[in-house]
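These notes are about the structure you will find just below.
The values are calculated or read from the model by the stated rules, or taken from the named source; none is laboratory data. None of these values were measured; they are calculated from a predicted model. Every residue, glycine among them, receives a Cβ derived from its backbone with ideal geometry; neighbour counts consider all protein chains shown. Accessible surface areas use protein heavy atoms only, side chains included; no ligands, DNA or RNA. Shrake-Rupley method; radii C 1.70, N 1.55, O 1.52, S 1.80 Å.
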Amino acid sequence: QVQLVESGGGLVQPGGSLRLSCAASGTASIFTMGWYRQAPGRQRELVARISGGGLTNYADPVKGRFTASRDNGKNTVYLQMNSLKPEDTAVYYCNLVVSVSGYDYWGQGTQVTVSS
């Protein structure tokens, strides 16, 4: 059974940085990982995605500030978030999609709060 464990959220001042981690267990398959966020009263939105081969794409609001990376040896994906803004405040979720089957799995979410 695939499990995703997120970590790294917290409270940070505007302009600060955080790094989120999403550790996957229970799978040795190639997967794409997406990072999503959901702010109160808003729909969940895709923030970044990284493929099994390391190709990345980003939502316009975070381009140039967020960077997704992965360590395949550790089955872990990261989201480095720099120059954080109050509007980045949300619960962040990782979403693993197994490339062969298309099955997907969600992490438990981690709160990111950007406030002075």
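Data table
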item: Candidate residues LEU79, LEU46, LEU18: accessible-area rank, largest first, probe 1.4 Å; result: LEU46, LEU18, LEU79
item: Relative contact order of the chain, pairs being alpha-carbon contacts under 8 Å that are 6 or more residues apart, as %; result: 36 percent
item: Trypsin sites (Lys or Arg not before Pro) within segment 9-116: DSSP coil, no more than 16 neighbouring Cβ in 10 Å; result: ARG42, ARG44, LYS63, ARG65, LYS74
item: Solvent-accessible area per residue for the chain (1.4 angstrom probe, square angstrom); result: 53 Å²
item: Distance from segment 84-116 to segment 19-69 (C-alpha centre basis), Å; result: 7 Å
item: Extension gain (nm, one decimal) between ASN72 and ALA28, 0.36 nm per residue minus Cα-Cα; result: 14.9 nm
item: Of all accessible heavy-atom area on segment 26-109, the percent that carbon and sulfur account for (1.4 Å); result: 49 percent
item: Solvent exposure ordering (accessible area, 1.4 Å, most first) of TRP35, TRP106; result: TRP106, TRP35
item: Estimated FRET transfer efficiency when R0 is 35 angstrom, pair GLN43-VAL98 (beta carbons, to 0.05); result: 0.90
